[in-house]
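What follows is a single structure, written as structure tokens, with notes after it.
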Amino acid sequence: MSGALDTVVTGLRRRYRAVRTSRTLAAFFANPLNVAGLAIVVTLSIAAVLGPVVAPYDPASQDLANRLQPPTLAHPMGTDQLGRDVFSRLLYGARLSFGIAVAVTAIRLVLGTAIGLLAGYVGGWVDEFLMRLVDVQLAFPGLVLALVVAGILGPSLRNVMLALAVVGWASYARLVRGSVLSTKEREFVKAAKLMGVSRGRIAVRHLLPNVVGPVIVLATMNLGTVILGTAGLSFIGLGAQPPTPEWGTMLSAGRHHLRGAWWIANAPGAAIMLTVFGFNLLGDGLRDVLDPNHDATLEKPP
């Protein structure tokens, strides 16, 4: 009898999750801006993955006889000051920029979530110590602090990744800590404590799932921010070094030819703008459907 009851309960839970997921997806796709953001991100992600396959030219191949050529059928986005195909370099740069953004955001997410979870759940002097570290880190503008770290370590993409990862974890820590502080006082957590469940199991099984939504939203928006930060540091010479086809480096090289060859700077500039715009739209949409206060809306009948 008990086994049959457990089976029924498990089936009902799965059905509830399926219905809730379908309503969440319906709410997300009901907003055209959410669909636009998703379409932009998916399109650029495919371009980043397939860039080296579909790129018509070697991004580092120079052809001085065809330097500064305007957009044509052979070169859809023209050529740069060394005769390199701008479209090919843009595709290779997409893979580089997206790869850096994913790696940096993953480091921020893991480090910040761990610190926030520890501070919020343990409390006491541990919470005070960790939150003072967060306050110190947040006291400095993120890009300025990344600029200082990258300047000390030296110009390279690896150092830029490290600098951006170091300055971005505090936002995750503060967000996760706030969610944990509110969640750990709820009845199901107290019941788990009374049943003798270990602290580690409570943190992993009961607290961590409740912070996934806000963390996903923050990570989505951070992807665009990291791409913008990487391009900015490369633009001033602290990131990728020539001839690496990185969007910030391409933008820096193209600024000297804005009057005669506007496409050299405009192509990577438009790519950066479109990427950040797409991630912001997607992040806003995810925030709307993953916000805990949005559950009541999802439960309402149409």
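What the table below lists for this structure:
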quantity: Subset of the stretch 43-87 [open to solvent by 70 Å² or more (accessible area, probe 1.4 Å) and either part of a helix (DSSP H, G or I) or among the hydrophobic types (A, V, I, L, M, F, W, C) (or both)]; calculated: Thr43, Ile46, Val49, Leu50, Val53, Val54, Leu64, Ala65, Leu73
quantity: So Arg177, is it modelled with pLDDT of 80 or more and out of contact with any Pro (no Cβ under 9 Å at 6 or more places or on another chain); calculated: yes
quantity: Pair list, Cβ < 9 Å and 6+ apart or interchain, from the stretch 151-176 residues that are in contact (Cβ under 8 Å) with a residue 12 or more places away in the chain to residues that are aromatic (Phe, Trp, Tyr); calculated: Val167/Phe140
quantity: Candidate set from the stretch 15-42 (those that are in contact with a helix residue (DSSP H, G or I) (Cβ under 7 Å, 6 or more places away or on another chain) and open to solvent by 80 Å² or more (accessible area, probe 1.4 Å)); member that is modelled with the lowest pLDDT; calculated: Arg20
quantity: Residue in the stretch 112-128 that is open to solvent by 20 Å² or more (accessible area, probe 1.4 Å), among the acidic types (Asp, Glu), closer than 22 Å to Thr225 by Cα and in contact with a helix residue (DSSP H, G or I) (Cβ under 9 Å, 6 or more places away or on another chain) present; calculated: no
quantity: Residues of the stretch 253-265 classified as of a type in the set (Gly, Ala, Ser) and either open to solvent by less than 20 Å² (accessible area, probe 1.4 Å) or touching a strand residue (DSSP E or B) at 6+ places or on another chain (Cβ under 7 Å) (or both), total; calculated: 3
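Yes/no per residue for (1) part of a helix (DSSP H, G or I); (2) open to solvent by 20 Å² or more (accessible area, probe 1.4 Å); (3) not basic (Lys, Arg):
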| site | (1), (2), (3) |
| --- | --- |
| Arg132 | yes, yes, no |
| Asp135 | yes, yes, yes |
| Val149 | yes, yes, yes |
| Arg158 | yes, yes, no |
| Val176 | yes, no, yes |
| Leu207 | yes, no, yes |
| Met221 | yes, yes, yes |
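The values are calculated or read from the model by the stated rules, or taken from the named source; none is laboratory data. All of these numbers come straight from a predicted model, not from anything done at the bench. Reconstructed Cβ throughout: ideal geometry from the backbone, glycine too, with neighbour counts over all protein chains shown. SASA here: full protein model, heavy atoms, side chains in, ligands and nucleic acids out. Shrake-Rupley method; radii C 1.70, N 1.55, O 1.52, S 1.80 Å.
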